[in-house]
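Here is the structure we will look at, set down as structure tokens.
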Amino acid sequence: MFKIFSVTFIAFIFIGCGGSNSPKINYKLFQSVDENQATLVQTGKDKRYCIRCGMDLVKYYKTSHSAEINHKHTQYCSIHCLEEHLGKGITLKNPMVVDVTTLKLIPVNSANYVVGSSKKGTMSKVSKYAFLKLEDAKKFQKLYGGKIMNFQETLDEAKKDFKYYR
């Protein structure tokens, strides 16, 4: 009996793990982009990872923020990690955020954030996605809900996300 089970199990492995006809499942998150679409501002072997938490910046690219600290370019997976760094007394120069529409980095003060959409957030249950053009933010809001806010309002929302852990 054990022999029959073993042979059957092994046969299923070889048949079921099959080649090119196997359906491919896409586990890509809304926040994710292909690596060639991401602008990574950091250098070195860890350039692909958030400076605060180590999360993959390509996987969480659409919520990515960047800034300059002491003439060094840094990148964060989310506004939460950026906010947490600010909370440590760090002064950031030229803070930027990814525009969801173009995937380009834009100044945070030019961004229209959609906060609380039905799309999942990064490092937070409350999503925060940025757009350079107000019309793009409104289109996203119409599809997925949320409230349009500026950078400071969005940063204040991010501070609320983890207020019980501070």
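The values are calculated or read from the model by the stated rules, or taken from the named source; none is laboratory data. Please read these numbers as outputs of a predicted model, since none were measured by experiment. Heads up, the Cβs are rebuilt from the backbone with ideal geometry, glycines too, and the neighbour counts pull from every protein chain shown.
Details
- Being touching a Pro at 6+ places or on another chain (Cβ under 6 Å) and either within 16 Å of residue 153 (Cα to Cα) or surrounded by 13 or more Cβ atoms within 10 Å (Cβ to Cβ) (or both) is true of residue 108.
- If you go through segment 86-109 and keep only what is part of a loop (DSSP other than H, G, I, E, B), hydrophobic (A, V, I, L, M, F, W, C) and over 20 Å from residue 136 (Cβ atoms), you end up with 90, 92.
- Cβ-Cβ distances below 8 Å connect the following pairs, each with a first residue in segment 30-54 that is closer than 15 Å to residue 80 by Cβ and crowded, with 17+ Cβ neighbours inside 10 Å, a second residue that is among the small types (Gly, Ala, Ser) and modelled with pLDDT of 95 or more, and a separation of six or more residues or different chains: 50/78.
- Qualifying residue in segment 83-106 (condition: among the basic types (Lys, Arg), in contact with a Gly (Cβ under 8 Å, 6 or more places away or on another chain) and at pLDDT 95 or above): no
- Filtering 69, 148 for residues that are free of Cβ contacts under 8 Å to residues at least 60 places away in the same chain, surrounded by 15 or more Cβ atoms within 10 Å (Cβ to Cβ), more than 16 Å from residue 57 (Cα to Cα) and more than 17 Å from the chain's Cα centre (by Cα) leaves a single hit, 148.
- Being part of a loop (DSSP other than H, G, I, E, B), over 15 Å from the mean Cα position of the chain (by Cα) and not basic (Lys, Arg) is a condition met by no residue of segment 116-125.
- Any hit, segment 120-132, residues being in contact with a Cys (Cβ under 9 Å, 6 or more places away or on another chain) and surrounded by 15 or more Cβ atoms within 10 Å (Cβ to Cβ): yes
- Inspection of segment 36-56 identifies at least one residue that is modelled with pLDDT of 95 or more, assigned to a helix (DSSP H, G or I), out of contact with any helix residue (DSSP H, G or I) (no Cβ under 8 Å at 6 or more places or on another chain) and over 19 Å from residue 151 (Cα atoms).
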